[in-house]
Amino acid sequence: MNRGKRSSTTLLGILALACGVLSGPGSAADVAAERAEIARVIDSSIGWFKTKDFDLLFRVLLDAPEFFIFHPDSRTTVRGGEAFRKLAEVFRDPELTYAGHEIRDLNINLSRSGEVAWFSAILDDCAQRNGKKSCWKDCRWTGVVERRDGRWVIAQMHFSLASDKVAEAARQSAPK
């Protein structure tokens with residue numbers, strides 16, 4: 001084989017490999033499988049509380065300084081995996097228990113590279129303490145999921161409550 005032919009064959013091989021790597025997830029079945037796994041991770045980030053499976057919680061969230069969460073209130077912003085682990089200690093309280101969750105209208109968008117996804121959903125997330133139930137109802141939830149070390153983890157989340165629904169709930173709970 002002469003040198004020119006060898007270099008063109010090598011170049012074609014590199015290009016073919018690059019196209020395969022850069023094209024992201026392959027078939028529709030691959031994309032569906034990725035979305036199903038991402039949906040499982042998203043659900044686990046809330047559902048872990050049913051059994052207080054902290055290992056599951058910490059497995060589905062990015063444990064790195066770039067992790068962050070914005071909560072509906074102005075006091076709770078979490079920056080970094082270490083800060084989240086400290087915040088999560090509140091859930092160890094035996095009086096604080098799971099009272100259900102539901103994720104609706106989940107929409108997952110996978111990047112072309114197949115390494116990042118973003119999602120949106122409507123979340124009902126309820127807990128109970130000393131017999132008193134409290135919930136985020138119709139909470140708008142968005143986030144970013146990344147493939148890190150071969151597995152999907154949530155890197156960022158934002159929770160918000162629609163201001164019109166908050167005002168309505170306040171009116172309904174006001175003393176009459």
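May I ask you to verify whether I42 is modelled with pLDDT of 90 or more and either surrounded by 11 or more Cβ atoms within 10 Å (Cβ to Cβ) or of a type outside the set (K, R) (or both)? Reasoning before the result, please.
Details: modelled with pLDDT of 90 or more: yes; either surrounded by 11 or more Cβ atoms within 10 Å (Cβ to Cβ) or of a type outside the set (K, R) (or both): yes.
It is true that I42 is modelled with pLDDT of 90 or more and either surrounded by 11 or more Cβ atoms within 10 Å (Cβ to Cβ) or of a type outside the set (K, R) (or both).
Inspect all residues belonging to region 93-101 and state whether any of them is touching a Leu at 6+ places or on another chain (Cβ under 6 Å) and of a type in the set (A, V, I, L, M, F, W, C). Walk me through it before giving the result.
If we filter region 93-101 for residues that are touching a Leu at 6+ places or on another chain (Cβ under 6 Å), which is where we start, we get none.
No.
Go over the candidates L62, L106, L87, L96 one by one and state the one that is surrounded by 15 or more Cβ atoms within 10 Å (Cβ to Cβ) and touching a Ser or Thr at 6+ places or on another chain (Cβ under 9 Å).
None of the other options fit; the residue is L106.
Considering F54, F119, F49, F91, which residue is touching a residue at least 12 places away in the same chain (Cβ under 8 Å), within 16 Å of Q156 (Cα to Cα) and aromatic (F, W, Y)?
Residue meeting the stated conditions: F119.
Residue-wise test of (1) within 30 Å of N130 (Cβ to Cβ); (2) at pLDDT below 95; (3) surrounded by 15 or more Cβ atoms within 10 Å (Cβ to Cβ).
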residue	(1), (2), (3)
L12	no, yes, no
I38	no, no, yes
F54	yes, no, yes
V78	yes, yes, yes
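Could you tell me whether F91 is over 17 Å from E146 (Cβ atoms) and of a type in the set (F, W, Y)? Full working, then the answer.
On the way: over 17 Å from E146 (Cβ atoms): yes; of a type in the set (F, W, Y): yes.
Yes: the conditions hold for F91.
Hey, which of the strands (runs of 3 or more DSSP E) in region 18-124, taking only ones fully inside, have at least 3 residues that are within 14 Å of the chain's Cα centre (by Cα) and of a type outside the set (F, W, Y)?
96-110
The values are calculated or read from the model by the stated rules, or taken from the named source; none is laboratory data. Just so it is clear, the model here is predicted, and its values are computed rather than measured. Cβ coordinates were reconstructed from backbone atoms using ideal geometry, including for glycine residues, and neighbour counts include every protein chain displayed.
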